[in-house]
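Have a look at the structure below, then the notes.
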Amino acid sequence: MKFWGTRLGSIVLAVAGCYLLQTIFQGNPGMNRLVVLACLWVTLSVSLNLINGITGQFSIGHAGFWMTGAYISGVIMKFQPQLKSMPAMQLLLLMMLIAFIGTGIMGLLVGLPSLRLKGDYLAIVTLGFGEILRIVVNASEPIGGSYGLFVEPKVNSIFIAAMLAVITIAACRNLLQTAHGLEFLSVREDEVASQAMGVNNTTIKVVAFVIGAAFAGAAGAVFAHLEGFISPTSFPMAFSFIVLTMVVLGGTGSITGSVVAAIVLFAIPEYLRGMSVNGEPLRFTLAGFVAFAIAGIGALALAKYTQDRVHDSKGKLIRYIGAVVGAIVVTGVFAAIFRNIPALGGKEIGVDQIRYVIFSLVLIAVMLLRPQGVFGHHEFGWHWFKSKKSQETVA
Amino acid sequence: MIGEWTPLIAGLEFSILPQQLANGILLGSIYALIALGYTMVYGVLRLINFAHGEVFMLGAYTALLVSWKLGFTQENVAQHPDINGSILTLVLLLFCSMAVCGIVGVVIELLAYRPMRNQPRIAALITAIGVSLFLQYSGQLFLPNSPPPSINQKVNPIQGATNIPLRKASAETLNNVSTTTAAYEAAKAAFDAQLPNEESRFQLSPTGQALKETMDEANRARTDAEATANSERVEIILPNGQIVMFFSAIALMVGLHFLVNHTKIGRGMRAASHDFDTASLMGINVNRIVTFTFFIGSALAGAGAMMNATFLGTPLTTFYGVVPGVKAFVAAVLGGIGNIRGALLGGLLMGLAEALVAWAGYANMRDAIAFLILIFVLLFKPGGLLGSAAVEKV
Amino acid sequence: MALVQEQEIAGDGCVSETILELKEATIKFGGLTAVNKVSFVLNRGDLFGLIGPNGAGKTTCFNLITGVYRPTSGDIEFKGKVINGFAPNKIATLGICRTFQNIRLFGALSARENVMVGANLRSKTVMPSSFWLLPPVIRETDEMRAKAEHLLEVVGLKEDMSTRSADLSYGEQRRLEIARAMATDPELILLDEPAAGMNPLEKETLQKVVRRIRDEFSMTVLLIEHDMRFVMGLCERIVVLDHGEEIAQGPPESIRSNPKVIEAYLGEAATH
């Protein structure tokens, strides 16, 4: 009885939370879209974490599944226009369900052969799959080819997007609460041993792949109806890398880590884009960027050195602080110097242009300093503030 | 069954097949050059150097910027039409590209890969992806990329093309061509003679009209005959620049083969690729070997980039290296990654496969074929054609 | 004297039902014959030793039995059924589980979680139900946790239940591997050098654990070990391999006095 009480309570809480999110941001069309996108990125990052972090199968073709979902709903709307008479919310839910199943089947088709591979080869094959998909869609005239496809009607629902994110998180978290979830982790840790313990590695990997793909597909359907227009260029290869960065930064295997990293990495560029000085949108000069890059690389090197060679905690702390302060100072000084170089000082760059540069630097920095990600394999929660003793995945 | 396929086969122009295959081999030599970099690095470090395609891109940009410094900018060439490249210019571009790429490769290894050496392979792979993205997107800030510039063709002194006839048109057809041509010329002369008597070309008298119709008729016959002759004649036309490119690539590969098999540092490379840790225990300075490997591999990519950009004149963006990089990687895997001869074989096969896809009329799918080949190779012969698959010890 | 007595006691519980039989099992890797026509029979309740010098093919034998390799020729029968070429997970399901010579634990998981992975083999719920966290799954997970804790107690790791398995000491990791294999409820358990790297005291404890596995958990034990004293004191029957071939078979005392064994193995050891 206690179980059903908790269960009902958490479901009611989740629905109420999503509804609250909707009511808060509904009035603001700009924010509305951003919140939906943030929820989609969370969905993508958590679903990729199920494949990459929890099951340890290094897939980097997640944008491909996202695209599959979006195109499934786009193509259905194109060839079954009578569906437009449905109420928008029901239609979106139906499309998400179809995209979920369709992309899941796609995941099965891609996963069955390719999951025989490991590590870097699997990475390349999944990347290749995403690219083939894009090239094929580009060449397919009936579904718009490179010109793209209009998806009608446009539906914009924070509630549904947030619920999708919550369901994705819940599915992964629930899995890890049970002994079945340990099978996924054991495949990540040692395939030979897990198989010797009776775990069917292939099944586990394919299940993770299919579920991860299916959630990405559902997110794709939401995306298609949010934007109202999709084309192969809406899903560049770089999107796969963004999702990967989110998973890696958050910590492979940490669901909370993926959620936090997805929100942070999505919000920072949007925040910078929205920032303005005296009514003008914020712009950076190349001088500032070069100064920042030099200072950043220097700080990274110092931090790496500290991590490897300095062993007393006080010295470590001083050096880490020094690296941060030094980076800020060096950025300022160098920016002031470079401003006088016409080639650097005169050239302005927008936030969009340095977005991927920052992502790539984050990726490298995380790998150099903390390869297991900020949260490592652990979940972020209240116990972080209590004691560090509980290290187990299963509560 | 066969009936269904007839239109497909009928759509294929067998007379242009040799030309396509030749193009494929020329292109394949460049893929092979890039593939060598992947293969060498993988052989020594078991690392897929994702940033290799970006090194290639930087090589092409180096060639572009040096050629601009030498005065081959669009404006300058327009002002001074007599400016022309020499063999020396080409050698200079090649040297600069190779040097810059080699240094970039070494720096990447030093800053990004060396700290990751004792980490799991996936961590190194993620770092490599990060480096690749970094070069692509930060390059956009510094390198000229919109509109995409390309190296001015004046740089290239090796102009002209070599024509290799494979099959001549039959005597009958040739005879037909000369007869129809003569007929057309006679009709044209007659019409031209009539022309002064006419008011204008467009308002002909009945006599002029009749003459014009005869001439047009003759012209049609001549064109048809020539078309038949063209389809019967099979020949390969190769731009001389690309021939030079091909042989330079082969020469570089022969040089590499000598380096690896007959020098001390080559022996070190082979030892390190066989067993990295043991090699270091045997007193081989593995760090120097790795640096050297990155330098050579990247310099070869630089050479490929310079030749590709100069002789093919493709427009450059900072994503210039992605597609050749991926294809070269596929070539390396196809031949057996870690195997130098495999890279050559894989590169040529890749070029041929691409040419065949284009020839079959799916030119917009030529980038997809690389991934398809990759997936099939990995699934059915993961060791590649000349390699052997590693077995995990339990 | 004490040794003989113990063997007799163990002999009493022996039921002569064949559980595992190798019939001329052979595997070749290219030109190398790693295991050549090895035949032996394990009865239910046996404490069986597999010994031989380095490179004799002992671990390869284990790999054949557990399905890592498929025999080139010959048969492996488990409870009268040929299991050649079955996938390792299938063989584990049938009731054969093993430990590894080079320890293969799930490093990032705790000791208890490691054992729970093994216990999950006998799970009666289906995986999709865990996405919804249905009550039977929760109940079952609790049961498995309890079972894991009990097994950890058996091998003496109760204190280290929540420790990351990668942080355990070498000897503890070996014992954890045994607990993990036991959790799959095997009828036959294969221990690959369980005592390697242990001190005499630990070895003595381990001997007791192995006996307990057989007597209390009624599993048949097949073990590879280099420590002669350990094997001779524990096992009732022993097979000796050398260069992939079986050179002797029998109770410890006959092995000890077998001239072939002394030549191939003990003779070599005696010179140390």
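A short reminder: the numbers here are calculations on the coordinates, not readings from a lab. All values derive from a computational prediction rather than experimental measurement. Ideal geometry is used to build each Cβ from the backbone, glycine not excepted, and the neighbour counts take in all protein chains shown.
Listing for the model above:
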quantity	calculated
Chain C - share of DSSP beta bridges that are antiparallel (%, nearest 5)	55
Integer Hz, Karplus 6.51/-1.76/1.60 couplings in order for region B:102-108, x for Gly and Pro	x, 5, 4, x, 5, 5, 4
Tail fraction, Cα-Cα pairs, chain A, threshold 35 Å, whole percent	33
Residues with amide H under 5 Å from that of C:V35, placed H, sequence gap 5 or more	C:I27
Mean ellipticity per residue at 222 nm, deg cm²/dmol - from DSSP H runs of n ≥ 4 across chain A, formula -39500 (n - 2.57)	-24500 deg cm²/dmol
Peptide A:131-139 - average C-beta neighbours from other chains (10 Å radius)	4
Assigned charges on the beta-carbon of Lys, Arg, Asp, Glu; chain B dipole about Cα centre (debye)	1960
Quotient of C-alpha Rg and 2.2 N^0.38 Å, computed over region B:181-312	2.35
Degrees, to the nearest 10: B:206-232 long Cα axis against longest axis of chain B	30
Ascending count of other beta-carbon atoms within 10 Å, so fewest first, for C:C97, C:C235	C:C235, C:C97
Ascending count of other beta-carbon atoms within 10 Å, so fewest first, for C:E153, B:E354	C:E153, B:E354
Of all DSSP beta bridges in the protein assembly as shown, antiparallel share, percent nearest 5	65
For A:199-210, mean number of other protein chain Cβ atoms within 10 Å	2
Pairs of Cα atoms farther than 28 Å apart, chain C, %	36
Computed helical MRE - 222 nm, chain B, DSSP H runs ≥ 4 contributing -39500 (n - 2.57), nearest 500	-23500 deg cm²/dmol
Check: region A:112-176 dipole with +1 on Lys, Arg Cβ and -1 on Asp, Glu Cβ, in debye	280
Segments B:122-128, A:255-261, B:287-293 sorted - mean Cβ within 10 Å per residue, highest first	A:255-261, B:122-128, B:287-293
Derived scalar couplings ³J(HN,Hα) [region A:296-310; Karplus, 6.51 cos²θ - 1.76 cosθ + 1.60; whole Hz; x for Gly, Pro]	x, 5, x, 5, 4, 4, 4, 5, 5, 4, 4, 4, 7, 10, 9
Calculated over region A:167-227: convex hull of Cα atoms, volume per residue (Å³)	75
Enclosed volume per residue, in Å³, of the convex hull spanned by Cα atoms of the protein assembly as shown	267
C:I238 long-range amide H proximity, modeled H, under 5 Å	C:G49, C:G250
Shielding score for C:111-117, defined as the mean number of other chain Cβ atoms within 10 Å	6
Of A:S313, B:I237, B:V326, farthest towards positive along the dipole that unit charges on Lys, Arg, Asp, Glu beta carbons give the protein assembly as shown	A:S313
On Cα atoms only, tilt of C:135-154 relative to the major axis of chain C in degrees	40
Unit charges on C-beta of K, R, D, E only; dipole of the protein assembly as shown, Debye	1920
Per-residue Cβ neighbour rank within 10 angstrom, fewest leading, B:W359, A:W4, A:W66, A:W41	A:W4, B:W359, A:W41, A:W66
Separation of alpha-carbon centers, region B:166-205 and region B:39-64, rounded to whole Å	58
Mean Cβ count within 10 Å, highest first, over the residues of peptides B:187-197, A:143-153, A:354-364	A:354-364, A:143-153, B:187-197
Local electrostatic count, B:L70, Cβ distance below 15 Å [Lys/Arg +1, Asp/Glu -1]	0
Residues whose placed amide H lies under 5 Å from that of B:I236, excluding near-sequence neighbours	B:I164, B:L166
222 nm mean residue ellipticity, helices alone, for chain C (DSSP H n ≥ 4; -39,500 (n - 2.57); rounded to 500)	-11000 deg cm²/dmol
Listed residues C:V82, C:S162, C:P194: farthest to the positive end of the dipole of region C:48-199 (Cβ charges)	C:V82
Furthest towards positive pole of dipole, B:N175, B:T228, B:L204, structure part region B:169-232, Cβ charges	B:L204
Mean Cβ neighbour count within 10 Å, used as a protection proxy, ranking C:248-258, B:322-332 highest first	B:322-332, C:248-258
Under the Karplus curve 6.51 cos²θ - 1.76 cosθ + 1.60, θ = phi - 60°, whole-Hz ³J(HN,Hα) for region C:115-132, x wherever Gly or Pro sits	5, 5, 4, x, 4, 5, 4, 8, 5, 9, 9, 8, 4, x, 5, 6, 5, 9
